Number of protein chains: 2
Amino acid sequence: MAETESARRTPPTIKTLADLTGYSIATISKALRDSPVVAQATKDAIFKAAQEVGYQANARGMALRTGKTYQAAVLMPVTAVREYEWDGVEYTQILSGISQALEGSDYRISVHVIRDTQDGCDMARRIMDQGLADGIIFSGILADDPRIDLLVESGFPFVSLGRCRKPLTYAHVDIDNEWAAFAATERLIAGGHHRIALINPQRPLSYAMDRIDGFSRAFAQARLQTPADLIAEGDLSTRFGRESALDLLQRPEPPTAFICINESTTLGVLSGLGSLGLQAGTDIDVIAYDDINVSAYFTPPITTFYQPIEVLGRTLGEFLLQRMAGGDPQTLKQVFRPTLIERQPDNLGARPA
Amino acid sequence: MAETESARRTPPTIKTLADLTGYSIATISKALRDSPVVAQATKDAIFKAAQEVGYQANARGMALRTGKTYQAAVLMPVTAVREYEWDGVEYTQILSGISQALEGSDYRISVHVIRDTQDGCDMARRIMDQGLADGIIFSGILADDPRIDLLVESGFPFVSLGRCRKPLTYAHVDIDNEWAAFAATERLIAGGHHRIALINPQRPLSYAMDRIDGFSRAFAQARLQTPADLIAEGDLSTRFGRESALDLLQRPEPPTAFICINESTTLGVLSGLGSLGLQAGTDIDVIAYDDINVSAYFTPPITTFYQPIEVLGRTLGEFLLQRMAGGDPQTLKQVFRPTLIERQPDNLGARPA
DNA sequence: TCTCAAAATAAAAACGATTTTATTCTTGTT
DNA sequence: AACAAGAATAAAATCGTTTTTATTTTGAGA
């Protein structure tokens, strides 16, 4: 294929194709977008030429004219006071999932790191006002999340990982946290436990409340009092898990079992148990939630409710594509129920309360 | 402040300011960029007006005219065959670090998920050719990495996390893997170990080779044969760590100590030890590399070489900003030496070889 | 063969900025 | 008072598209 020297230097534009084929740039543009007003023969010729010179539409030109950015914004939370502690939040896998969904579309992912809710709110507004992206994905939803109010009202396309507690209609993906907590608690109660600790995230987070709801429901069903004094709330760091375990176990009425919100806190709890000379599975029962499949490698392996996070990411991406194409948010909702993976006979550790 | 109804609807452009102040758009543009050709009084008036209507330059318009995108591309590797296994690669923290460095600049981060080296190479080329970003950050450097060749040759601004083995000049940030492996090995040899296993990433990765170099240097220094049969190479998953430990320990001449490449493999090795009824720190010594500060919570806590990954991210971002501003790659190099955090008396586990 | 509608294509405007070129306004000098 | 130089500003071109409007071509019917 003959490539002129000049064509080598700068990337071909629509003008290049016009000169090459003899058609006007208007026709080229329409042909490439497969408009019905242009004759099939013309389209063929133009496509062929485009192929030959390796024409790729200039994103900036397109963006300016259409007002679209072909960017999907992802707000990635990073806890500021983390001090390099592991919090088990595998955003990598979420991004991977989103990216899988966006593959083949013209959309790219832009990541915006946010440090707190206010930051997230500002960022969402900037993205809308300045047109930094055509849609937004975010997580860490609060019971009353200002970002959802803002975006729902404006009609800007978005998908949230998690649900707020307001009766609003919006696209979202979530885990059935209420159910997961209920099932875990019910299981432990069936094993003879009454004093069960819940290692939970902080309250304003919507899913923290969902977990407490499920926890309480299981106790209510068993006609038992919910041990509210055994609910620990904090960041999701391993340190928090460890310190909670140490604190709770040294109280007058210690728990006989733990329910952990994620892998990092589970590791912390196991570390705390170890320090006190206690053994998970024999002295104390532990059930955890896991989304990166790591609990199988703890010593001992821990029974978990498991939901691969990448799948949620994929769904987020799919939903966002549909929303950006004008899809009805009413239909774009999915709540995943994690699967129970038994690795411990939970009833062995029961101790008299 | 009086805002007209029409100004409320669509965001103000340079034209809005022109109408408002009576100056031409050319003058407005120059004033906002603080050009010396426009009178100070005029600048003041224009700045004031811009402030009042909350003018923000339209990124798309600027991008089209200047050819810049104000995007920093990050190539994020995701192992395709991972099957949701944890690999301990905390890209979240790298992104957080980069984002910190870019704060205050006009640059935003776009993340491109890549599945293998070929994918990464294609993506780098696309970013350059299509002008998808003004600079690139990537990691997972191979001993002979085609991306580095490509980008060095083209002069496109980039910073790599890791170094290749060719004598090229380019901006990079790295960990002193050779030294870390040497120091860990030396320490274990001093503790009486001769049969030391190295849990390592796959060979084409440059830092895998660095680690083997350091490992070998320590044996050479002690006038011992490097136990090449005890070098396990694989992905960084917890499963790989576990399976390696199980395999190595059941051989005729098993190792008496392990050096692990990162937290996920360490956890896997500990899991393997547990399955065999062995105890780290008493039966077998383990030293690990850690960048998310999680080894303190293993049972028992593991001695590590620690370097918070977020700091590397920050440096990557700073270097990229300088490169995009035309900085000399010769001066943009930094190699971090991790700090030793002792949590185990490594010589206790020594067994006769 | 001529007319007219429909089909196909071309021309021009627009998106919002920057940059180059042109014009107007000051001011100092003769 | 006229002129030139320099400062300040305005006008126009440009980046690469899409979209609206205008023009040309084609083909059928009279």
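What follows is calculated from the coordinates using simple rules that are stated; it is not laboratory data. The shown structure was predicted, so the numbers you read here are calculated from the model rather than taken from an experiment. All Cβ positions, even for glycine, are placed from backbone atoms using ideal geometry, and neighbour counts span all protein chains on display.
Brief remarks on what is shown
- Across the identical copies, the label point of B:Val37 (7 Å from Cα in the Cβ direction) is separated from its matches by 3.9 nm, in order from shortest.
- Looking at region A:89-160, the GluC sites (Glu not before Pro) that sit in a DSSP loop and have at most 14 other Cβ atoms within 10 Å of their own Cβ are A:Glu103.
- Computed over the Cα atoms of the protein assembly as shown, the ratio of the radius of gyration to the Kirkwood radius (Rg/Rh) comes to 1.01.
- Mean-square fluctuations from a GNM of chain B, with a 10 angstrom spring cutoff on Cα atoms, peak among B:Ala222, B:Ala124, B:Ala45 at B:Ala45.
- Against the empirical curve 2.2 N^0.38 Å, the C-alpha radius of gyration of region A:109-253 lands at a ratio of 1.25.
- Placing a pseudo-label 7 Å from each Cα along the Cα-to-Cβ vector at A:Glu52 and A:Arg33 gives an inter-label distance of 2.5 nm.
- Coarse-grained scattering of region A:5-57 at q = 0.23 Å⁻¹, given as base-10 log I(q)/I(0) from a Debye sum over alpha-carbon atoms: -0.78
- Local electrostatic count at B:Gly268 - Lys and Arg +1, Asp and Glu -1, tallied over other residues with Cβ under 12 Å: -4
- Net charge over other residues, Cβ less than 11 angstrom from the Cβ of A:Phe298 (K, R count +1; D, E count -1): -1
- For A:Leu150, inter-copy label distances in nm, listed shortest first [label point 7 Å out on the Cα-Cβ vector]: 3.7
- Student exercise, chain A dipole from Lys, Arg, Asp, Glu Cβ charges, in Debye to nearest 20: 860 debye
- Reachable lysines, given that their alpha-carbon falls under 22 Å from the alpha-carbon of A:Lys30 and they are not under 8 places away in the same chain: A:Lys15, A:Lys43, A:Lys48, A:Lys68
- Simple spin-label estimate for B:Thr282 and B:Asp19 in nanometres, 7 Å along Cα-Cβ: 8.1 nm
- For the protein assembly as shown, adding -39500 (n - 2.57) for each run of n ≥ 4 DSSP H residues and dividing by the number of residues yields -13000 deg cm²/dmol at 222 nm.
- The local environment of B:Ala143, defined by Cβ-Cβ distances under 9 Å, has a net charge of +1 under the rule Lys, Arg +1 and Asp, Glu -1.
- Whole-percent pair-distance distribution, where bins are 10 Å wide, for the alpha carbons of chain B: 5, 21, 25, 18, 13, 8, 6, 3, 0
- Loop sites in region B:217-271: GluC sites (Glu not before Pro), DSSP, at most 14 other Cβ within 10 Å: none
- Among beta bridges that DSSP assigns inside chain A, antiparallel share in %, nearest 5: 10 percent
- At R0 = 41 Å, FRET efficiency that the Cβ-Cβ distance of A:Lys43 and B:Arg125 yields, to 0.05: 0.90
- DSSP H segments from chain B that extend 24 Å or more along their own axis, Cα-based, with Kyte-Doolittle mean of 0.0 or above: none
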